[in-house]
Amino acid sequence: MTFTVELKATESKVHAVTVFQADRAEVVRLFKVDLKSGQNEVDISQLPTVLDEDSIRVDGVGGNAIISDVIYHPPTSSDSDRKHEEAVKELQQAKSVLEQELAIYRKQEDILKTYSETLKGADTDGAKLSDFLDIYAKRQTGIDGKVRELKEQ
């Protein structure tokens, strides 16, 4: 008869971490397991999804237990993974829309600036220039506000 012990990696404290230069790290977790006489299977779930299958090591301390095999089962795609992927896709689409909107405001800003540079004092009277400057200030303030909003999002 085989006895099964189920553990969650997220519920154990990290005992030690060694960071290597090659974008790798060794994370050591300690689990206290009460084994029964006979064959035992220890199932540790909620391991990191970026785990290197060949790097898993298991050691035992105390008693006369023998570790006969270590088997790693990569996580399967679950509903939470799909929801995460959908959320990322939605965020990417929203970002694309915001970038397009930002590009429109930047273009309007360029057009406004270019038009203002074509005005000459000889071509217009003071009242029209004053009106244009009021419109320019109002429009530029609006564009600046929208650009700030879009950058924050």
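Dipole magnitude of the chain about its Cα centre, charges +1 at Lys/Arg Cβ and -1 at Asp/Glu Cβ only, in debye to the nearest 20?
Here the size comes out at about 440 debye.
How much solvent-accessible surface does Lys83 expose, in Å² to the nearest 10, with a 1.4 Å probe and all protein chains in place?
Taking all protein chains as shown, Lys83 has close to 140 Å².
So for the chain: antiparallel DSSP bridges make up what percent, rounded to the nearest 5?
45
Given the pairs Lys113/Lys146; Lys13/Lys95; Lys36/Lys83; Lys89/Lys151, which span a C-alpha to C-alpha distance of over 28 angstrom in this model?
Lys13/Lys95; Lys36/Lys83
For the stretch 22-153, count the residues as N, evaluate 2.2 N^0.38 Å, and divide the Cα radius of gyration by that value, please.
2.28
Just the number please: accessible area per residue for the stretch 80-119, 1.4 Å probe, all protein chains included, in Å².
Per-residue value: 85 Å².
In degrees from 0 to 90, rounded to the nearest 10, what is the angle of the helix 126-152 Cα long axis to the longest principal axis of the chain?
Taking Cα atoms only, the helix is inclined about 0 degrees.
In the chain, carbon and sulfur make up what percent of the accessible area (probe 1.4 Å)?
51
Which value in nm describes the separation of the simple spin-label points at Ala65 and Ser37, placed 7 Å from the Cα toward the beta carbon?
1.7
The values are calculated or read from the model by the stated rules, or taken from the named source; none is laboratory data. Since the model is a prediction, treat every value here as computed from it, not as a measurement. When we count neighbours, we look across all protein chains shown, and the Cβ atoms used for this are built from the backbone with ideal geometry, even at glycine. Remember, those area values only see protein heavy atoms, side chains included, never the ligands or the DNA or RNA. Shrake-Rupley method; radii C 1.70, N 1.55, O 1.52, S 1.80 Å.
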